[in-house]
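Notes to accompany the following structure.
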Amino acid sequence: MADIVVIDYGMGNLRSVAKALERVAPGSTVAVSSDPEVIRTASRVVFPGQGAMPDCMREMDARSLRQPILEATRSKPFLGLCIGLQMLFDSSEEGNVKGLGVLPGKVVRFPADRMTGAGGEKLKVPHMGWNQVYQSRSHPMWAGIADASRFYFVHSYHVDTPEPALVAGISRYAYGFTCAVARNNIFAVQFHPEKSQSAGLRLLANFVSWDGTFRGSLDRSAVPAASA
């Protein structure tokens, strides 16, 4: 039985995620697996992703992974990364596909008519590179990570949720957007911690020690408002 399972559904930078976890958790067994039973018996689950949402949903279902993933979101520390965050929501504009519906909201594309920087410069989509993340609530996953730390992003879509209590972090690219969410045993981020050097490794180390409980308080006073 693996301590940590990185779900393999044919999409994503799986080996880099697994290697980063092995680095921060040398005493844990890390497995990359598409076996539903391996996922069910793991102590912790990481749900990564890279590519287009329709392809990710299709490949996940082709491997009969929907049910074990849904079970994991209810029962153990669960970390979603990039598309692994987006797939948790109700739907996506990318291909107009339904997501897993674990969390309320939709995934929307950065609109071309709003992609203007503070200095009037045109911003490119996808949003690619290092950007600050503002912690909108306290959470064990943020332990030891300074507010406004920089993480690495590669994405053209982001989450739009009607539930403010879900939002754990916001970044800004033309406007503020949700880049981290938290509920109960779930924590998910739009950025790539495995590519984010010391801050990303600390986030992964926090996941290894996190017991899956969350009682954080909402405090967004210093955070750029989402969609502002």
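The values are calculated or read from the model by the stated rules, or taken from the named source; none is laboratory data. Quick caveat: nothing in here was measured; it's all calculated off a predicted structure. No Cβ is skipped: glycine too gets one built from the backbone with ideal geometry, and neighbour counts run over all protein chains shown. The area values use the complete protein model at the heavy-atom level, side chains included, leaving out ligands, DNA and RNA. Shrake-Rupley method; radii C 1.70, N 1.55, O 1.52, S 1.80 Å.
Would the stretch 66-83 turn up any residue that is in contact with a Leu (Cβ under 6 Å, 6 or more places away or on another chain) and in contact (Cβ under 8 Å) with a residue 60 or more places away in the chain? Yes, the conditions are met somewhere in the stretch 66-83.
Can you name every residue in the stretch 189-228 that is modelled with pLDDT of 95 or more and among the β-branched types (Val, Ile, Thr)? Val189, Val208 - these are the residues of the stretch 189-228 that are modelled with pLDDT of 95 or more and among the β-branched types (Val, Ile, Thr).
Here Leu79 meets the list (1) assigned to a helix (DSSP H, G or I); (2) open to solvent by less than 70 Å² (accessible area, probe 1.4 Å) almost entirely, failing just condition (1). Before we move on, is Gly12 modelled with pLDDT under 95 and buried (at least 21 other Cβ atoms within 10 Å of the Cβ)? The answer is yes for Gly12. Within the stretch 44-63, which residues are open to solvent by 10 Å² or more (accessible area, probe 1.4 Å) and out of contact with any strand residue (DSSP E or B) (no Cβ under 7 Å at 6 or more places or on another chain)? Within the stretch 44-63, Gln50, Gly51, Ala52, Asp55, Arg58, Glu59, Asp61, Ala62, Arg63 meet the criteria.
Out of Val108, Val125, Val102, Val133, one residue alone is crowded, with 22+ Cβ neighbours inside 10 Å and among the β-branched types (Val, Ile, Thr). It is Val133.
Please verify whether Val108 is in a strand (DSSP E or B), touching a residue at least 12 places away in the same chain (Cβ under 8 Å) and among the β-branched types (Val, Ile, Thr), treating the condition exactly as stated. When the stated conditions are applied, Val108 passes them. Entry remark, the stretch 84-98: residues being open to solvent by 10 Å² or more (accessible area, probe 1.4 Å) and not acidic (Asp, Glu) number 5 in total.
At least 1 residues being charged (D, E, K, R) and more than 18 Å from Leu100 (Cβ to Cβ) is the threshold, and among the strands (runs of 3 or more DSSP E) wholly inside the stretch 1-64 those reaching it are 44-47.
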